[in-house]
Amino acid sequence: MPPRDPFTLFVWEVLAVRSTPRKSEAALGALRRIRALTPDAMWRAPQAKLDAAVAIAGPYLEQRLRALRTGVDLFRRSPTLPAVIRGPLPAARRALKRLPQLGEAGADRMLLFATDYPVLPVDALVNRVGCRLGYGEASEEFRKSARSVQDGLTRELPPSVEAVRRTFLYLSHHAAATCTEDDPHCNVCPLLSECPEGKKRVAGP
């Protein structure tokens, strides 16, 4: 489950980019141990300790540190930012655009987990599973494909934040563990009976 606090969730997003869940969670734990998970605390944290904690997430250390510095500055200069993010949707989306490395899926995760808006984030993992299950159409333009998957899945979900959260978490895990990009494990997939792509793969040429 992603963190519920907006700043901690922003940090989680930065650590997760081009990392693995195990590494990014370990890096977040290291930041928690040095008590650097508030904007002021991260700003005051010794640079060597901050570097060591963030490095656990993997490569691209400088890019991560640069994104974190930008986010820390935004949260410190705008102490009402968490309230804005939790407020009316249009203002929340405008505020989230200022945060680095979120993108549209990251902004939707922030809305879903930090603000209780029942919006389904569609990143590359969810998009892949959604398209294979027939909830959307694959497209060379990722945004178009993601939007079709989001619309297709949302139509079948109850208007419940918890239902949307469970769906996102399940599909994300399923994409990483079973419905992998190059070699999906269709023979053991619990969704095979509902998956047109899986049925074709199992049937073979």
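Observations
- Hits in the range 14-23 (condition: at pLDDT 95 or above and either touching a helix residue (DSSP H, G or I) at 6+ places or on another chain (Cβ under 6 Å) or open to solvent by less than 10 Å² (accessible area, probe 1.4 Å) (or both)): V14, L15
- When the criteria are applied in full, R4 meets the requirement of being at pLDDT below 95 and open to solvent by 70 Å² or more (accessible area, probe 1.4 Å).
- Scan of the range 129-169 for residues that are surrounded by 13 or more Cβ atoms within 10 Å (Cβ to Cβ) and hydroxyl-bearing (S, T, Y), ordered by number: Y135, S139, S145, S148, T154, T167
- Just one of the listed residues (V84, V119, V72) is open to solvent by less than 20 Å² (accessible area, probe 1.4 Å) and not polar (S, T, N, Q), namely V72.
- Of all residues in the range 29-70 being touching a Ser or Thr at 6+ places or on another chain (Cβ under 8 Å) and of a type in the set (A, V, I, L, M, F, W, C), the one that is farthest from P6 (Cα to Cα): A57
- Pairs linking a residue in the range 44-65 that is at positive phi to a residue that is open to solvent by 80 Å² or more (accessible area, probe 1.4 Å) and part of a loop (DSSP other than H, G, I, E, B), with Cβ atoms under 6 Å and 6 or more positions apart or on different chains, are Y60/R18.
The values are calculated or read from the model by the stated rules, or taken from the named source; none is laboratory data. Predicted, not measured: the structure shown is a model, and the values here were computed from it. So basically every Cβ, Gly included, is an ideal-geometry build from the backbone, and we count neighbours across all protein chains shown. Areas reflect the complete protein model, heavy atoms only, side chains present, ligands, DNA and RNA absent. Shrake-Rupley method; radii C 1.70, N 1.55, O 1.52, S 1.80 Å.
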